[in-house]
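For reference, the structure discussed in these notes is given below.
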């Protein structure tokens, strides 16, 4: 039987063995580098690869695509949603970045057939030492519609296709944590939120919602047990409304005109204006709370306190509660339950009242619950419900409220390791004391998702 020989006299099977050994050595060296790197915030899949590419394609039916209280526009459409994520774990620093884009095409709209939202996010965690870490988070979002997605309170429910409702917002967050000893620690941080709406002019969303929010906090922390943290904190917040366009309202008045003995009574509207900065405020928070890992499957956190807000341009101050509670339970393999509630003040698109009194903001209570349950290794059911109760502070609707409920139910089927089929139904309702604001809508979506 002939024997294959390389130029150095080694048999091919011996050369292959050497290559396998060398490859194993390189792999071991690479894994050693990963094990020695900062992996804070990286999931199992993110630790295994530096990049992820995802995409969703589907079609939907929306029976009120403009959130209209009087003239709902029902339409079919399709959605494209690509995503690219990268992560770079270094010895002391881990950097994560991602770009998300969502394009929704609405067939029956008269103008602005496409809604879009794009988000660019960069996060970094740096360990100066085992007891000293710095977190950085920068998020830039641009969207064609004014609603603000996420777990925070919704500030406007306006939606449309006949004007430019687009906006951008930027979130900057920095936190520094220091473990002073085995049981004592401290944390300081800063957050800056910017909002810029493109609907300029008198009465536009720019005058109502353009703002700059800043928060700085300090916490004293204690660690009475291995998986438990308790803290007491103080936070200073400053909100500045930055638009150059005035707030406006129209006040009805009666005028009497006499002409040749004929008396005519007319109702006219007088315009009132005010600078958006009359809603500027300083706030002081004091809170206590804790975080606890009860088991590998159950975690929870809570912050409870009070907020004192000084609307210094109005000579008004308010004391209100501050609550932020959340919990996560991985109650079965592949099944997760998330719950939470928040109570705090937020901006609103209600501005200058007909009586000349400003709507300063709203006090909102938000409750959310989300579940993802694995029925079989390939079949999942998802459900989410969110409720928001927002009470107006000042203006024509002082003491009145908006109540918003959103419910969704969906299914996911794993066709293969990288492909999923999805379907979901969403119901949204807003009950408001403001005229022409209450609406309801249904949305059904069918699509496929791929991830690599």
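The values are calculated or read from the model by the stated rules, or taken from the named source; none is laboratory data. Because the structure is predicted, anything quoted here is derived from the model rather than measured. Cβ atoms come from the backbone with ideal geometry, glycine included; neighbour counts cover every protein chain shown.
From the set of residues in region 120-143 that are under 16 Å from the mean Cα position of the chain (by Cα) and buried (at least 18 other Cβ atoms within 10 Å of the Cβ), which is farthest from residue 42 (Cα to Cα)? Steps first, please.
Going through region 120-143, the residues under 16 Å from the mean Cα position of the chain (by Cα) turn out to be 120-123, 137-143.
Right, trim to buried (at least 18 other Cβ atoms within 10 Å of the Cβ) and you get 123, 141, 143.
Values: 123: 11, 141: 23, 143: 28 Å.
Among those residues, the one meeting the criterion is 143.
Which is within 14 Å of residue 238 (Cα to Cα), in contact with a strand residue (DSSP E or B) (Cβ under 9 Å, 6 or more places away or on another chain) and part of a strand (DSSP E or B), of 283, 301? Talk me through it step by step, then tell me what you get.
Values: 301 fails: within 14 Å of residue 238 (Cα to Cα).
It is 283.
If you check 149, 139, which single one turns out to be within 21 Å of residue 81 (Cβ to Cβ) and part of a strand (DSSP E or B)? Before you say what the answer is, go through the steps one by one.
Values: 149 fails: part of a strand (DSSP E or B).
Checking each option against the conditions leaves just 139.
Between residues in region 175-195 that are at negative phi and residues that are surrounded by 15 or more Cβ atoms within 10 Å (Cβ to Cβ) and in a loop (DSSP other than H, G, I, E, B), which pairs lie under 8 Å by C-beta distance while being six or more apart or on different chains?
Taking only residues 6 or more apart or on different chains, the pairs are 195/210; 195/347.
Is it the case that region 72-79 has a residue that's crowded, with 17+ Cβ neighbours inside 10 Å and under 24 Å from residue 173 (Cβ atoms)?
no
Go through region 419-437 and give me each residue that's touching a strand residue (DSSP E or B) at 6+ places or on another chain (Cβ under 6 Å) and in contact (Cβ under 8 Å) with a residue 24 or more places away in the chain.
Step one: of region 419-437, the residues touching a strand residue (DSSP E or B) at 6+ places or on another chain (Cβ under 6 Å) are 419-432.
Selection gives 419, 420, 421, 422, 423, 424, 428, 429, 430, 431, 432.
Could you please find all residues in region 335-360 being surrounded by fewer than 17 Cβ atoms within 10 Å (Cβ to Cβ), modelled with pLDDT under 95 and either touching a strand residue (DSSP E or B) at 6+ places or on another chain (Cβ under 9 Å) or in a strand (DSSP E or B) (or both)?
Scanning region 335-360 gives 354, 355, 356.
Is one or more of the residues making up region 361-368 assigned to a strand (DSSP E or B), closer than 28 Å to residue 84 by Cβ and modelled with pLDDT of 95 or more? Walk me through how you get there before you give the answer.
Just the residues of region 361-368 that are assigned to a strand (DSSP E or B), to begin with: 361-368.
If we keep only those that are closer than 28 Å to residue 84 by Cβ too, we end up with 368.
Imposing the further condition that a residue be modelled with pLDDT of 95 or more reduces the set to 368.
Among the residues of region 361-368, at least one is assigned to a strand (DSSP E or B), closer than 28 Å to residue 84 by Cβ and modelled with pLDDT of 95 or more, which makes the answer yes.
Taking the criterion of being modelled with pLDDT of 95 or more, touching a strand residue (DSSP E or B) at 6+ places or on another chain (Cβ under 8 Å), outside any helix (DSSP H, G or I) and within 18 Å of residue 351 (Cα to Cα), would at least one residue in region 219-236 satisfy it?
no
Among the numbered conditions (1) free of Cβ contacts under 8 Å to residues at least 40 places away in the same chain; (2) farther than 24 Å from residue 215 by Cβ; (3) assigned to a strand (DSSP E or B), tell me where residue 376 comes up short.
(3)
Look at region 104-114 and say how many of its residues are touching a strand residue (DSSP E or B) at 6+ places or on another chain (Cβ under 6 Å) and surrounded by 16 or more Cβ atoms within 10 Å (Cβ to Cβ). Outline the logic, then answer.
Taking region 104-114 and keeping what is touching a strand residue (DSSP E or B) at 6+ places or on another chain (Cβ under 6 Å), we get 104-108, 113-114.
In the following step, the residues that additionally are surrounded by 16 or more Cβ atoms within 10 Å (Cβ to Cβ) were identified as 104-106.
Here the count works out to 3.
Check region 403-410 and report whether any residue there is touching a strand residue (DSSP E or B) at 6+ places or on another chain (Cβ under 6 Å), within 23 Å of residue 211 (Cα to Cα) and crowded, with 18+ Cβ neighbours inside 10 Å. If you could, list the steps in order and put the result at the bottom.
To start, the set of residues in region 403-410 that are touching a strand residue (DSSP E or B) at 6+ places or on another chain (Cβ under 6 Å) comprises 403-410.
Filter once more, keeping what is within 23 Å of residue 211 (Cα to Cα): none.
Looking through region 403-410, none of the residues is touching a strand residue (DSSP E or B) at 6+ places or on another chain (Cβ under 6 Å), within 23 Å of residue 211 (Cα to Cα) and crowded, with 18+ Cβ neighbours inside 10 Å.
When you look at residue 314, is it under 18 Å from residue 366 (Cβ atoms) and surrounded by 14 or more Cβ atoms within 10 Å (Cβ to Cβ), yes or no?
Numbers: under 18 Å from residue 366 (Cβ atoms): no; surrounded by 14 or more Cβ atoms within 10 Å (Cβ to Cβ): yes.
In short, no.
What number of residues in region 68-85 are at pLDDT below 95 and closer than 25 Å to residue 142 by Cα? Outline the logic, then answer.
Just the residues of region 68-85 that are at pLDDT below 95, to begin with: 68-73.
If we keep only those that are closer than 25 Å to residue 142 by Cα too, we end up with 68, 73.
The qualifying residues number 2.
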